[in-house]
Number of protein chains: 2
Amino acid sequence: MQNFVFKNPTEIIFGKGTIAQIDARIPRDVPILLTYGGGSIKRNGVYQQVRSALDGREVVEFAGIEPNPQYETCLKAVDLVKSHQVQFLLAVGGGSVIDAAKFIAAAAWYDGPDSWDILRTGGQNVKTAIPLGTVLTLPATGTESNGNSVISRRATAEKLHFYADCAFPMFSVLDPETTYTLPAKQVRNGIVDAFVHVMEQYLTFPTDAPLQDRLAEAILATLIEVGPRTLAQPRDYESRASLMWSATLALNTLISCGVPQDWSTHMIGHELTALYGPAHAETLAVVLPGVWAHQLAKKEAKLRQYGQRVWGVTTVEAAIGRTEEFFHSLDMPTLLSAYQINAEEAAEVVGRRFTKRAVKFGEHEDIDGSAAAAIIRSRA
Amino acid sequence: MQNFVFKNPTEIIFGKGTIAQIDARIPRDVPILLTYGGGSIKRNGVYQQVRSALDGREVVEFAGIEPNPQYETCLKAVDLVKSHQVQFLLAVGGGSVIDAAKFIAAAAWYDGPDSWDILRTGGQNVKTAIPLGTVLTLPATGTESNGNSVISRRATAEKLHFYADCAFPMFSVLDPETTYTLPAKQVRNGIVDAFVHVMEQYLTFPTDAPLQDRLAEAILATLIEVGPRTLAQPRDYESRASLMWSATLALNTLISCGVPQDWSTHMIGHELTALYGPAHAETLAVVLPGVWAHQLAKKEAKLRQYGQRVWGVTTVEAAIGRTEEFFHSLDMPTLLSAYQINAEEAAEVVGRRFTKRAVKFGEHEDIDGSAAAAIIRSRA
């Protein structure tokens, strides 16, 4: 096991009817920025519950945060924060809304010349941020209980990530009932996103860390059990609850303690999303089997363990195959052709971008632009 | 799944050579109370590492905290805290030293007339405590990452528990190498203690909480894997590390989120330890199979699941049998006769004490004095 530091200060308030509990957790007598996305929270009653819990407070609203939240959008919110001297952020929505709020919280108190530097440097210089709370309405990214944020910039087709200790939400409300009205495609994306998060922290090479392995396998098995059940029975509370808690624990920094991590599927997926537009989870489902096939020799032992323990199969080919079948059972494609993306062209463009940035990733730091291109090419 | 609130702010610093990292985490220029037990930390080099990390600070020492830490001992430390205006507590040792430090931290700033009330009320009135850090040298109780403390009082043969949010350590250093020199009996006790902690949160009745079940099973399977390996190869770092991390996650409040809990084995075990003296884990190993047998009808579904998933057996009898065999394989007895305790007499005394306090426990709150007596009687 590798040495590690684990700290996750986010308070999780989980269950039916818990939104009202934000009242006791947000400081009184300070201006609050309430951020959300496209307005679905107004249709499913979440907005009303939040406003009711905030009754009597000074609330500034910022709506319209888009999927793959844009830097330019965030900057408008930062202006609002500054002009209203906002002291608390409340993000109500899915991963995009919460990621945007983290960036807004960090950028508003950032004292560098250009807040894009926060993303360019991965958050290295972020020492302080406006306190943030969240009401999560889409189980997927785990951002409700970590210090990560991913922001996109349309002008340059970039999608970059930052991390900061101060970006952990102070609290996150997870009410599974708020997810009943999600479109099936978003539920599917959430299941796959959480599943791939676990894989990025688990499917590397054996390091004699049996507890971390089994914790990861516990989340995978649960997603496989409750994912399809959630899609089939959208109002089954128990499935919704287990899916929501699984997605949080998939990326709350617990299962990565002391073990190597991969993240190459995310790196390549981000590029494909930024350049061609498929949703985050859609590009992950395409890339993951390609990374495994490309790294087969180095990942063989873990692929075999995963296949045996999670699927009860004995070969690595079957482990990969069952994973793709699982994605397909959720109606999630695993090839670029599903999105009319030319694999040759995408491989060329993404490979060149990685080569230019001189980045290498994966648990062995051996995936460079050329390897990424090969992986993309294999997913035609 | 039941509604829950989960918050665990303790920072875990895990791995080889990490004790020096306390330096950056303890406020400078305030008096510190360093507490420890019987002096084993002076023999294994931990004391020297700690003092070296605290070089140049004002440190008051309080040694001699005993197993099953005594109220009277803690009060002496509270006097020291008050006379030196201590502002930070550093507990170096196992569960007893850390539990004692939590009580000292709470009692020193407690404004009620009698600090025993902290334990009598389970911590209800504890709103503030001196900040606490720990260096854990014995994986077992999980106290390094929760808000629980158990204190004994010799004069009345009581062993009571309190919980407070403010009793979570700010940080805990877990260096597996510090556990190399532990006596085999203490290692064995730690394995069983952690194992029973998981059981108290897992072995109840099904509540459609598949993730919590699998997380609990992950810890159980890991303890079964690395426990015997640790005893056989005391200097195997990887086993030590997995045992240490398993014991922490067994009781850091994660696996109990949203599920019913039992704790009757602990309630009965505490009485037996307080009255007759066997170590905490020793009485747990005696009581657990008795609770299962007594509650068989109500625990049958979970016992069956546990047997199948963890041991690969199909009957509840086999699940109980394999558990006792596991304890025996660690050289841990499971009957009162091993301690020359008269089961009839113990049943009578403990039953009467519970009846007098009018307490009922277990996940159905159906274990009263008479049921506890029957359980004890069955463990002759």
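The values are calculated or read from the model by the stated rules, or taken from the named source; none is laboratory data. Here the structure is a predicted model, which is why all the values come from computation and not from measurement. Here Cβ is always computed from backbone atoms with ideal geometry, including for glycine, and neighbour counts include all displayed protein chains.
Here is a check on your reading of the model: is residue B:219 aliphatic (A, V, I, L, M), under 18 Å from residue B:303 (Cα atoms) and either touching a strand residue (DSSP E or B) at 6+ places or on another chain (Cβ under 8 Å) or crowded, with 24+ Cβ neighbours inside 10 Å (or both)? Here the answer is yes, as residue B:219 does meet what is asked. Of all residue pairs spaced 6 or more apart or on separate chains, those with beta-carbon atoms under 8 Å, a first member in the range B:191-210 that is more than 13 Å from residue B:301 (Cβ to Cβ) and touching a residue at least 60 places away in the same chain (Cβ under 8 Å) and a second member that is surrounded by fewer than 24 Cβ atoms within 10 Å (Cβ to Cβ) and among the hydroxyl-bearing types (Ser, Thr, Tyr) are B:201/B:256. If you go through the range A:29-60 and pick out every residue that is within 27 Å of residue B:2 (Cβ to Cβ) and either among the β-branched types (Val, Ile, Thr) or within 14 Å of chain B (Cβ to nearest Cβ) (or both), you end up with 3.
Given the options B:338, B:373, B:380, B:301, name the one that is over 18 Å from residue B:264 (Cβ atoms), hydrophobic (A, V, I, L, M, F, W, C) and in a helix (DSSP H, G or I).
Selected residue: B:338, the only one of B:338, B:373, B:380, B:301 that is over 18 Å from residue B:264 (Cβ atoms), hydrophobic (A, V, I, L, M, F, W, C) and in a helix (DSSP H, G or I).
If you check A:243, A:254 for being in a helix (DSSP H, G or I) and either within 11 Å of chain B (Cβ to nearest Cβ) or over 14 Å from the mean Cα position of the chain (by Cα) (or both), only one passes: A:243.
Does residue A:274 qualify as being surrounded by fewer than 24 Cβ atoms within 10 Å (Cβ to Cβ), aliphatic (A, V, I, L, M) and either over 13 Å from the mean Cα position of the chain (by Cα) or facing another protein chain (nearest Cβ under 9 Å) (or both)?
yes
Candidates B:144, B:158: the one that is farther than 22 Å from residue B:195 by Cα and in contact with a strand residue (DSSP E or B) (Cβ under 9 Å, 6 or more places away or on another chain) is B:158. Of everything in the range B:9-28 that is closer than 30 Å to residue B:259 by Cα and at the interface with chain A (Cβ under 7 Å from one of its Cβ atoms), the residue that is surrounded by the fewest Cβ atoms within 10 Å (Cβ to Cβ) is B:9. Of all the criteria given as (1) closer than 30 Å to residue B:308 by Cβ; (2) within 14 Å of chain B (Cβ to nearest Cβ), the one not satisfied by residue A:328 is (2).
Looking at the range B:196-217, can you tell me whether even one residue there is of a type in the set (Val, Ile, Thr), outside any helix (DSSP H, G or I) and in contact with an Asp or Glu (Cβ under 6 Å, 6 or more places away or on another chain)? The answer is yes, given that some residue of the range B:196-217 is of a type in the set (Val, Ile, Thr), outside any helix (DSSP H, G or I) and in contact with an Asp or Glu (Cβ under 6 Å, 6 or more places away or on another chain). In the range A:83-141, of all residues being among the basic types (Lys, Arg) and closer than 21 Å to residue A:280 by Cα, the one that is surrounded by the most Cβ atoms within 10 Å (Cβ to Cβ) corresponds to A:102. Counting only residues that are at pLDDT below 95 and part of a helix (DSSP H, G or I), the range A:143-193 holds 3 of them. Consider residue B:201 against the criteria (1) buried (at least 20 other Cβ atoms within 10 Å of the Cβ); (2) among the polar types (S, T, N, Q); (3) within 14 Å of chain A (Cβ to nearest Cβ); (4) farther than 17 Å from residue B:14 by Cβ: it satisfies all of them except one. Which criterion is unmet? Unmet for residue B:201, out of (1) buried (at least 20 other Cβ atoms within 10 Å of the Cβ); (2) among the polar types (S, T, N, Q); (3) within 14 Å of chain A (Cβ to nearest Cβ); (4) farther than 17 Å from residue B:14 by Cβ: (3).
Every residue in the range A:92-132 that is β-branched (Val, Ile, Thr) and over 16 Å from residue A:70 (Cβ atoms), please. Selection gives A:92, A:121, A:126, A:128, A:130.
What do you reckon, is residue A:141 in contact with a Gly (Cβ under 7 Å, 6 or more places away or on another chain) and not assigned by TED's automatic domain parsing to the domain that holds residue A:246? It would help to see each step written out before you state the result.
Details: in contact with a Gly (Cβ under 7 Å, 6 or more places away or on another chain): yes; not assigned by TED's automatic domain parsing to the domain that holds residue A:246: yes.
Considered against the rule, which asks whether it is in contact with a Gly (Cβ under 7 Å, 6 or more places away or on another chain) and not assigned by TED's automatic domain parsing to the domain that holds residue A:246, residue A:141 comes out as yes.
Within the bounds of the range B:296-306, is there any residue that is in contact with a strand residue (DSSP E or B) (Cβ under 8 Å, 6 or more places away or on another chain) and either hydroxyl-bearing (Ser, Thr, Tyr) or crowded, with 20+ Cβ neighbours inside 10 Å (or both)? Checked against the condition, which is being in contact with a strand residue (DSSP E or B) (Cβ under 8 Å, 6 or more places away or on another chain) and either hydroxyl-bearing (Ser, Thr, Tyr) or crowded, with 20+ Cβ neighbours inside 10 Å (or both), the range B:296-306 yields no hits at all.
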